[in-house]
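The numbers here are math on the coordinates, done by the rules we state, and not lab data. These numbers come from a predicted model, not from an experiment. Positions of Cβ are generated from backbone atoms using ideal geometry, with glycine treated the same way; all protein chains shown enter the neighbour counts.
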Amino acid sequence: MKTGCTDAIEYQELSGRKVLSEFKGGQITTDSGGLFLREIEQARGFMKEFSKCFSDYRDPEAIEHTVEELLSQRIYGVALGYEDLNDHDQLRIDPLLAVLCKKKDPTGQDRRSKNQ
């Protein structure tokens, strides 16, 4: 049985790349509701404001992920039902979560550490 959903839903871009929900298969996620949360966050900017509440004492030369990205990962993870931190071991390689956290390289191809 075919669905009536044939149009793509377009969201705000990420580093010049289009972010779309399509119903054609391909790279599939069950967490696409996170894209709606991303739209709200980008309109309001509360992740950036929240990240200002923290002091980052890490070595700037060794930083792979900003405080804002780390907070975003945790907050979106909880909002999507991944309340346990051990879930993030798998989520760290999820391109959708990378898009939600504003990573410029959602597939992780250009990350400094392959373990991140």
For every other residue with a beta carbon closer than 10 angstrom to the beta carbon of Y11, add +1 if it is Lys or Arg and -1 if Asp or Glu, then tell me the sum.
-1
Phi to ³J(HN,Hα) by Karplus 6.51 cos²θ - 1.76 cosθ + 1.60 over segment 36-50, Hz, x for Gly, Pro
5, 4, 4, 4, 5, 4, 5, 6, 9, x, 6, 5, 4, 5, 5
For segment 80-96, Karplus couplings with θ = phi - 60° (6.51, -1.76, 1.60), whole Hz, Gly/Pro x:
8, x, 9, 6, 8, 5, 5, 5, 6, 4, 7, 5, 5, 9, 7, x, 5
Amide H of L14 versus every other amide H placed in the peptide plane: which residues, excluding those fewer than 5 positions away on the same chain, fall under 5 Å?
V19
For segment 7-97, averaging the sequence separation of alpha carbon pairs under 8 Å that lie six or more residues apart and dividing by its residue count, the contact order in percent is 22 percent
Could you tell me the largest-minus-smallest coordinate of the C-alpha atoms of segment 39-100 on each of the three principal axes, in descending order and whole angstroms?
30, 28, 19
Quick one: Karplus J couplings for segment 63-76, per residue in order, coefficients 6.51, -1.76, 1.60, θ = phi - 60°, nearest Hz, x for Gly and Pro?
7, 9, 10, 6, 4, 4, 5, 5, 5, 4, 4, 5, 5, 5
